[in-house]
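The values are calculated or read from the model by the stated rules, or taken from the named source; none is laboratory data. If you're wondering where the values come from, they're calculated on a predicted model, not measured in any experiment. All Cβ positions, even for glycine, are placed from backbone atoms using ideal geometry, and neighbour counts span all protein chains on display. In case anyone asks, the SASA skips ligands and DNA or RNA and just uses the protein heavy atoms, side chains included. Shrake-Rupley method; radii C 1.70, N 1.55, O 1.52, S 1.80 Å.
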Amino acid sequence: VQLQACGGGLVQAGGSLRLSCAASGRTFSSYTMGWFRQAPGKEREFVAAIRSGGGTYFADSVKGRFTISRDGAKNTVYLQMDRLKPEDTAVYYCAAGPRLIVSMIRLPSTYHYWGQGTKVTVSS
């Protein structure tokens, strides 16, 4: 089982990036897919998640700027990041957790599978 994240890079404040996370080794259609990020010297934090039924959840810091979506046929989840800010700079990780209930989706410990991370740098 593997999650492969890509799409990170360097962008100016106000710009956009789209991250992708392709899953292989099994079908994740019944899984909750999440994105987390970790900035230097900080703990990993929740960014966004999408449940198998399509429900989406966002951290307050990205609400209204980021969207999350999934393509079941491609076993891929996306994170569209608009109006990026320097404080969005971090390594972004995708993760998969089996049928997480709402109260658990923001907890990294409840996700079973993790991608390798993709670095996002937003310059001011």
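Per-residue 3J(HN,Hα) values for the stretch 60-72, derived from phi via the Karplus relation 6.51 cos²θ - 1.76 cosθ + 1.60 with θ = phi - 60°, read 4, 5, 10, 4, x, 10, 10, 10, 10, 8, 9, 10, x Hz in sequence order (x marks Gly and Pro). For the stretch 49-116, the per residue solvent-accessible surface stands at 50 Å², with DNA, RNA and ligands left out and a 1.4 Å probe. 3J(HN,Hα) along the stretch 14-25: x, x, 10, 9, 10, 8, 10, 9, 9, 9, 9, x Hz, from the Karplus curve 6.51 cos²θ - 1.76 cosθ + 1.60 with θ = phi - 60°, whole Hz, x for Gly and Pro.
Around the amide H of PHE66, modelled in the peptide plane, lie the amide H atoms of ASP82, all under 5 Å away and 5 or more residues distant in sequence or on another chain. Here the 3J(HN,Hα) profile of the stretch 30-36, calculated from phi with Karplus coefficients 6.51, -1.76 and 1.60 at θ = phi - 60°, is 8, 8, 7, 10, x, 10, 10 Hz, Gly and Pro shown as x. For the chain, the share of accessible area belonging to carbon and sulfur comes to 49 percent (1.4 Å probe, ligands and nucleic acids excluded).
Given R0 = 30 Å, the distance between the Cβ atoms of ALA22 and ARG65 translates into a calculated FRET efficiency of 0.80.
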